[in-house]
Protein chains: 2
Amino acid sequence: MAERISEAEQAVMETLWNEAPLTAQEVADRVAPDRGWSLNTVKTLLGRLLAKEAVAHEEDGRRYLYRPRLEREAFAHGESRRLVDRLFGGRVSPLVAHLAERDELSDQDIAEIEALLKALRS
Amino acid sequence: MAERISEAEQAVMETLWNEAPLTAQEVADRVAPDRGWSLNTVKTLLGRLLAKEAVAHEEDGRRYLYRPRLEREAFAHGESRRLVDRLFGGRVSPLVAHLAERDELSDQDIAEIEALLKALRS
DNA sequence: GCGTAACGACTACATCCGTGATCGTTGAGG
DNA sequence: CCTCAACGATCACGGATGTAGTCGTTACGC
């Protein structure tokens with residue numbers, strides 16, 4: 001477990017996080033507008049995700065229904081940690097400081113984060 | 001430009017961000033303790049970074065001196081944006097919210113971020 | 001019943017990445 | 001001078017990734 005999920009694979013996961021269970025065909029339909037993949041490509045990706053135990057499938061007659069096994073929360077967490085570790089010495093505040101310096105924070109962001117932190121502290 | 005820098009390549013960049021210019025040999029020496037790469041491996045990575053225009057080299061007699069061309073700031077920025085875009089719909093506050101929920105923020109982090117934001121707002 | 005369309009399984013193949021070995025040249029020490 | 005060690009350049013190679021084609025089976029429409 002804990003295999004890395006590639007970017008293409010993530011697109012498939014997003015679809016399943018949105019709606020599950022789905023057949024391979026349905027995943028392909030949902031993903032097509034953005035990526036324009038063939039059905040075969042989607043099936044390959046689903047197969048790889050199965051091997052990585054990131055999705056599960058159950059039989060539904062002649063075909064499979066896929067559903068996520070890895071939760072979006074856990075995935076987002078892993079990826080965030082990796083970034084913070086690789087670039088900011090494992091500390092979160094330098095990341096926020098960085099984004100702040102780059103003017104990547106809207107007033108709304110600032111307000112939201114402040115509210116969050118206030119809640120945390122109490 | 002704007003080619004993706006792989007993880008191994010980043011290790012080389014870190015070395016050059018710390019100290020430059022350096023010869024391939026010197027980079028290998030600095031990187032060896034952590035990764036244990038052969039000199040050849042380091043040369044290959046430097047070559048790929050050259051092709052990606054992430055480093056520059058100038059001749060120094062029979063060998064080259066390498067120095068970063070891509071700045072660490074810019075790299076960190078790109079990677080951070082990619083993460084925020086891919087996982088949090090391009091907004092920073094959900095990322096912070098996520099880390100907060102996961103108890104990834106120390107009291108010190110919270111204090112630092114609050115100070116940062118206060119400075120930003122005024 | 002029979003053809004065919006839909007499925008999953010397997011195969012393919014170019015590119016990138018991690019890791020390194022080999023080759024050709026050349027400067028420096030004896 | 002001649003050898004050899006240091007360099008850069010080029011090639012290698014297995015695994016991951018992006019993208020898709022082919023093969024064998026089977027349920028359903030006519």
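The values are calculated or read from the model by the stated rules, or taken from the named source; none is laboratory data. Predicted model only: the values in this text are computed from it and were never measured. Heads up, the Cβs are rebuilt from the backbone with ideal geometry, glycines too, and the neighbour counts pull from every protein chain shown. Accessible surface is based on the protein model in full, side chains and every heavy atom, while ligands, DNA and RNA are left aside. Shrake-Rupley method; radii C 1.70, N 1.55, O 1.52, S 1.80 Å.
If only one of B:73, B:101, B:59, B:79 is farther than 23 Å from residue A:94 by Cβ and not hydrophobic (A, V, I, L, M, F, W, C), which one is it?
Being farther than 23 Å from residue A:94 by Cβ and not hydrophobic (A, V, I, L, M, F, W, C) holds for just one of B:73, B:101, B:59, B:79, which is B:59.
Taking the options B:69, B:63, name whichever one is over 30 Å from residue A:76 (Cα atoms) and within 16 Å of the chain's Cα centre (by Cα). Let's see the steps before the verdict.
Working: B:63 fails: within 16 Å of the chain's Cα centre (by Cα).
Of the residues listed, the single one that is over 30 Å from residue A:76 (Cα atoms) and within 16 Å of the chain's Cα centre (by Cα) is B:69.
Just one of (1) within 16 Å of the chain's Cα centre (by Cα); (2) within 12 Å of DNA strand C (Cβ to nearest atom); (3) of a type outside the set (Phe, Trp, Tyr); (4) away from chain B (no Cβ under 14 Å) trips up residue A:29, so point out which.
Condition not satisfied by residue A:29: (1).
Conditions tested, residue by residue: (1) more than 30 Å from residue B:103 (Cα to Cα); (2) outside the structural domain of residue A:92 (by TED's automatic domain parsing); (3) among the aromatic types (Phe, Trp, Tyr).
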position: A:16; (1), (2), (3): no, yes, no
position: A:27; (1), (2), (3): yes, yes, no
position: A:32; (1), (2), (3): yes, yes, no
position: A:38; (1), (2), (3): yes, yes, no
position: A:51; (1), (2), (3): yes, yes, no
position: A:54; (1), (2), (3): no, yes, no
position: A:59; (1), (2), (3): yes, yes, no
position: A:63; (1), (2), (3): yes, yes, no
position: A:79; (1), (2), (3): no, no, no
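Looking only at region B:74-105, which residues are farther than 18 Å from residue A:110 by Cα and either buried (at least 18 other Cβ atoms within 10 Å of the Cβ) or within 8 Å of chain A (Cβ to nearest Cβ) (or both)?
Once the filter is applied, which keeps residues that are farther than 18 Å from residue A:110 by Cα and either buried (at least 18 other Cβ atoms within 10 Å of the Cβ) or within 8 Å of chain A (Cβ to nearest Cβ) (or both), region B:74-105 yields B:75, B:76, B:77, B:79, B:83, B:86, B:87, B:102, B:104.
Only residues that are open to solvent by 30 Å² or more (accessible area, probe 1.4 Å), part of a helix (DSSP H, G or I) and near DNA strand D (Cβ under 9 Å from one of its atoms): list them for region B:27-62, please.
B:39, B:40, B:41, B:43, B:44, B:47, B:50
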